[in-house]
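Below is one structure, written out as structure tokens; comments come after it.
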């Protein structure tokens, strides 16, 4: 509990604490909505290119060795790593970026803080696996943000904090010193902040209890994850930040045995392999480690400045202004770079589509690839009902929510409408300007209201010769037409999806037939 006096002080200093990032609010919203899906989480991630790149890099890292090299799309990351894991990673990255980039936070050593945070996360996940904790990935997230209360504590109690730091460095107990000087500690403050940000309760527990205050000896915490993080931070402090040796860790080994039933060898192996993983993860997440521990080379531009003894401003003045030819070449290079990125994403997505485990995953992967790989503004899948009278929205990217997609219902008319046109011709219906007279006989005004774009393309997706679905695509500016290059790429992805779906259905039929055959043989034998 937190008393009213401290709570008032926290509230009064709320201006020193960064506000809740919008991305955390959106993640919380879909987590609490029973109708939300993996596509909702994927849409949130894909709205931020930097976050997308970091999630995919992390999913393919050695830290997630079981998936390494196999994850090409955010959809695939969510399927393989799990909704909760990806959700927690997103929230942790958002917290890191919010605090590190905040101009309100002064005189705090973020490099040391995040180095320890990553260290406890890496060690925590390894310990969780060793003691068979149900969701090991939760231990990484919990370890990563377990000490977040320290940042807030240092700002809310800014006047007292320097003295607290000196006493702790002199060997005084950290939590007791904080309580003696200000009446609360960073664990309580961190948990209060975690609830204010609506973090999951299983993650808040280690924030509140990672020092095991009030729990004697071998008494286990109600939250196993809290004990995992307690051992993780001791392992980090005694081994990685200590002398690096394991010949004086009897207390650590004993507590690991009592609290987590781990043998010394498991703890030893975790400690020995941790540092390389910490460096790798810091690179994947774009987090700077402590200078004296950071083995990652400085960027070449920084090295050049240091080597020449000049500053960047001085170097900049020596560079002549760009000519028209240089600007044209730069623009051409940027276009080539964009095209190379498109091709790379499309090639990687092909593998993901072929390796998808279900029809739903195939379709979501295709839509994500259209949205991200082709820089499309929106890609929405409609299912055509068996009587061909209605097209109902099922899943989409570049949308506010999947609930909004499900509300997109088009009642198909006999001879008009872009969807009807695509179904009848079994080819793309590319509408360049729906308000033009030339489309008067094609466009249905009611359909146009649902689709909500002036320029768009409708492409059918057929399985076993029957058009069961259509995909709507439009650019970020809904008035910009879909060009031929985009259309061909979308058609190629749809063709792959059709083949994979047909294959999956054929396998399912064969398995069902074999099942009936086996059942018949068993019934005959027992009769």
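The values are calculated or read from the model by the stated rules, or taken from the named source; none is laboratory data. Just so you know, these numbers come straight off a predicted model, no measurement behind them. Don't worry about glycine lacking a Cβ; one is built from the backbone with ideal geometry, like all the others, and counts go over all protein chains shown.
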Could we say that residue 230 is in a helix (DSSP H, G or I), out of contact with any helix residue (DSSP H, G or I) (no Cβ under 6 Å at 6 or more places or on another chain) and either modelled with pLDDT under 90 or buried (at least 17 other Cβ atoms within 10 Å of the Cβ) (or both) here? yes
Restricting to segment 390-427, name every residue that is assigned to a helix (DSSP H, G or I) and surrounded by 13 or more Cβ atoms within 10 Å (Cβ to Cβ). 402, 403, 405, 406, 418, 419, 420, 421, 422, 423, 424
With the structure loaded, tell me whether residue 125 is over 24 Å from residue 290 (Cβ atoms), in the same structural domain as residue 235 (by TED's automatic domain parsing) and within 24 Å of the chain's Cα centre (by Cα) or whether it fails that test. no
Is it true that residue 237 is surrounded by fewer than 16 Cβ atoms within 10 Å (Cβ to Cβ), modelled with pLDDT of 85 or more and within 30 Å of residue 101 (Cβ to Cβ)? yes
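Do we have residue 459 as part of a strand (DSSP E or B) and either more than 23 Å from residue 371 (Cβ to Cβ) or touching a strand residue (DSSP E or B) at 6+ places or on another chain (Cβ under 9 Å) (or both) here?
The answer is yes for residue 459.
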Of the criteria (1) within 15 Å of the chain's Cα centre (by Cα); (2) surrounded by 15 or more Cβ atoms within 10 Å (Cβ to Cβ), which one residue 102 fails: (1)
Checking the conditions here, which among 109, 60 is in the same structural domain as residue 160 (by TED's automatic domain parsing) and free of Cβ contacts under 8 Å to residues at least 60 places away in the same chain? 109
Determine whether residue 500 is at pLDDT 90 or above and either in a strand (DSSP E or B) or within 15 Å of residue 373 (Cα to Cα) (or both). no
Every residue from segment 488-501 that is closer than 14 Å to residue 346 by Cβ and either more than 28 Å from the chain's Cα centre (by Cα) or surrounded by fewer than 15 Cβ atoms within 10 Å (Cβ to Cβ) (or both): 488, 491, 492, 495
For the list (1) surrounded by fewer than 18 Cβ atoms within 10 Å (Cβ to Cβ); (2) more than 18 Å from residue 123 (Cα to Cα), I need the number of the one condition that residue 221 fails. (1)
Among residues of segment 129-148 being part of a helix (DSSP H, G or I) and more than 21 Å from the chain's Cα centre (by Cα), the residue surrounded by the most Cβ atoms within 10 Å (Cβ to Cβ) is 130
Yes/no for residue 202 being assigned to a helix (DSSP H, G or I) and more than 30 Å from residue 22 (Cα to Cα): no
